[in-house]
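The values are calculated or read from the model by the stated rules, or taken from the named source; none is laboratory data. Keep in mind the model is a prediction, meaning the values are calculated, not measured. In this analysis, Cβ positions are derived from the backbone assuming ideal geometry, glycine residues included, and neighbour counts consider all displayed protein chains.
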């Protein structure tokens, strides 16, 4: 399965986080709800097929194969928005990356950045944050694999071992109104007997760029 990534390079000294880029795009006229994982003004069910992403030096939008035309359609609008924010010309390109999962006999190490964990139910609130993150990570891998037809091994073969590196509480709300709830943002590293190709996400709020998974190996999508 191919992913299409619009990558906008940010000039030196300029920052634009995925959540802020998402707000910026929401102000642009004619942008469809699909970009924000909304349907008829309400959050869509299931995992998003289009996500805002970014890292040091760049920001962008990534979509699965079925939604790749949306990336091309919105490229001009996205670049103009980034230019207005930065106050200067920015460079942009469209990339294609292969997404997939294959079992690996040797464990591989990955990181996960700002994985958002909602704990609306008592069971989740009483769990250790590391165990909750591991559970949500496994659920994401299984769900994404089922969606795109990847042959996902059982949990016993994946053998996920996760170590939390940092946690932070973050309020989330609707617009400028009162805070509705809080989520825990988790930075972690994990080992898994699988080769995860492409850009994977886990946890809540992934449409906003939270919970991106990456590898320490050279040549990975960063």
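Tell me, which helices (runs of 4 or more DSSP H) wholly within the range 114-161 include 3 or more residues that are more than 17 Å from residue 205 (Cβ to Cβ) and modelled with pLDDT of 95 or more?
Values: elements: 122-126, 129-148, 155-158.
Where helices (runs of 4 or more DSSP H) fall fully within the range 114-161 and carry at least 3 residues being more than 17 Å from residue 205 (Cβ to Cβ) and modelled with pLDDT of 95 or more, they are 129-148, 155-158.
With the condition kept exactly as written, say whether any residue in the range 60-72 is surrounded by fewer than 15 Cβ atoms within 10 Å (Cβ to Cβ), part of a loop (DSSP other than H, G, I, E, B), free of Cβ contacts under 8 Å to residues at least 12 places away in the same chain and out of contact with any strand residue (DSSP E or B) (no Cβ under 6 Å at 6 or more places or on another chain). Within the range 60-72 (the criterion being surrounded by fewer than 15 Cβ atoms within 10 Å (Cβ to Cβ), part of a loop (DSSP other than H, G, I, E, B), free of Cβ contacts under 8 Å to residues at least 12 places away in the same chain and out of contact with any strand residue (DSSP E or B) (no Cβ under 6 Å at 6 or more places or on another chain)), the answer is no, since none of the residues qualifies. Of all residues in the range 11-26, which are within 15 Å of residue 52 (Cα to Cα) and part of a loop (DSSP other than H, G, I, E, B)? Those that are within 15 Å of residue 52 (Cα to Cα) and part of a loop (DSSP other than H, G, I, E, B): 15, 16, 17.
Within the range 20-72, the set of residues being within 19 Å of residue 83 (Cβ to Cβ), in contact with a helix residue (DSSP H, G or I) (Cβ under 7 Å, 6 or more places away or on another chain) and modelled with pLDDT of 90 or more comprises 22, 24, 25, 52, 53, 54, 59, 61. If you go through the range 103-130 and keep only what is surrounded by fewer than 12 Cβ atoms within 10 Å (Cβ to Cβ) and in contact (Cβ under 8 Å) with a residue 60 or more places away in the chain, you end up with 105, 106, 120.
Every condition in (1) surrounded by fewer than 17 Cβ atoms within 10 Å (Cβ to Cβ); (2) part of a loop (DSSP other than H, G, I, E, B) is met by residue 79 except one, and the failing one is (2).
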